[in-house]
1. Which members of region 160-196 meet the condition of being outside any helix (DSSP H, G or I) and in contact with an Asp or Glu (Cβ under 9 Å, 6 or more places away or on another chain)?
2. Name the one entry in 62, 132, 87, 123 that is of a type outside the set (D, E, K, R) and open to solvent by 20 Å² or more (accessible area, probe 1.4 Å).
3. Residues being under 18 Å from residue 62 (Cα atoms) and assigned to a strand (DSSP E or B): count how many of those fall in region 31-46.
4. Please list, ordered by first then second residue, the pairs with beta carbon atoms under 6 Å, 6 or more apart or interchain, first in region 88-113 and of a type in the set (Phe, Trp, Tyr), second open to solvent by less than 10 Å² (accessible area, probe 1.4 Å) and in a strand (DSSP E or B).
5. Return only the number of the condition from (1) out of contact with any Gly (no Cβ under 7 Å at 6 or more places or on another chain); (2) at pLDDT 75 or above; (3) open to solvent by less than 50 Å² (accessible area, probe 1.4 Å) that residue 154 does not satisfy.
6. Quickly run through region 52-72 and pick out the residues that are farther than 25 Å from residue 28 by Cβ, at pLDDT below 95 and among the hydrophobic types (A, V, I, L, M, F, W, C).
7. Output the residue which, of all residues in region 90-116 that are assigned to a strand (DSSP E or B) and either basic (Lys, Arg) or exposed (fewer than 15 other Cβ atoms within 10 Å of the Cβ) (or both), is farthest from the chain's Cα centre (by Cα).
8. If the requirement is being farther than 24 Å from residue 31 by Cα, modelled with pLDDT of 90 or more, in a loop (DSSP other than H, G, I, E, B) and not β-branched (Val, Ile, Thr), which of these qualifies: 128, 139?
Amino acid sequence: METVVLCAVLGVAGVCALVLGCYRRAREGEALVLVRGGEPTRVRFGGTWVWPVVERAEVLDLSVRKVVVERRGGQGLSCRDGIRVDLRATFLVKVPRDEAGVLRVAREVGCARANQPGEVHALLEERFACALAQSVSTFNFDELVADRGLFIDHVGVEVGTELLGFRLERMSLGRLEQTPLDQLDPTNVVDARGIQKLTERASQQAADSVGPWSSELGEAAVRPRGGDEEELMREVERALADPTRRN
């Protein structure tokens, strides 16, 4: 008799343990995606019962992901006036804490991929790079460095909302400067226009720096001796590196 009672108690305990083991709870910053064959996928942000065999539960991380886009040298982005710039932009994205956003990410990306920062970076980097390139091309170089906030707003508009369910939380700019002249390609149409622009600017700045003696010294005062283009390029770089000498 005692053996029967003991077996019954153990059986009840086993059933209770099994039932309790079917209860899943999403932690803060997570969502549970419940998939059951033949039925719509469900989303839970708290706790829920997940029955083995019948349905499957996947965890989706809702924390912020960082996507860094850097373009330098020959990959620098061209402004409207042809001047190329090096930049480094950081985009912070996350899955919004709502059913529609979670379902879209789970459907189009998959929870496993969306939980890996490297995968998120690979998925979104090209989209952000295109938005940066398009935005840079609408500004002249001086406009770009004068108002970073306006540029960031413009990039946000270009990025839009179609990010596979992710949402852009914030963007920040680190590096934003003119690409060194020695990394430009004179045979490239865009670079050639930028070099011409920088050369004209350096010549004008050199003429302005001569001041009242310019009329007496003539063109020799603003042109490197012997037409030395390397010296002119160095003058361009010095002028751009010193904001007090810009027009």
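The values are calculated or read from the model by the stated rules, or taken from the named source; none is laboratory data. Only a predicted model underlies this, so the values are computations on that prediction, with no experimental measurement involved. Cβ coordinates were reconstructed from backbone atoms using ideal geometry, including for glycine residues, and neighbour counts include every protein chain displayed. Heavy atoms of the whole protein, side chains included, go into the accessibility calculation; ligands, DNA and RNA do not. Shrake-Rupley method; radii C 1.70, N 1.55, O 1.52, S 1.80 Å.
1. Scanning region 160-196 gives 164, 165, 174, 175, 176, 177, 178, 179, 180, 184, 185.
2. Just a single option satisfies the conditions, and that option is 123.
3. 7
4. 91/67
5. Condition not satisfied by residue 154: (3).
6. 53, 54
7. Restricting to residues being assigned to a strand (DSSP E or B) and either basic (Lys, Arg) or exposed (fewer than 15 other Cβ atoms within 10 Å of the Cβ) (or both), the top hit is 94.
8. 139
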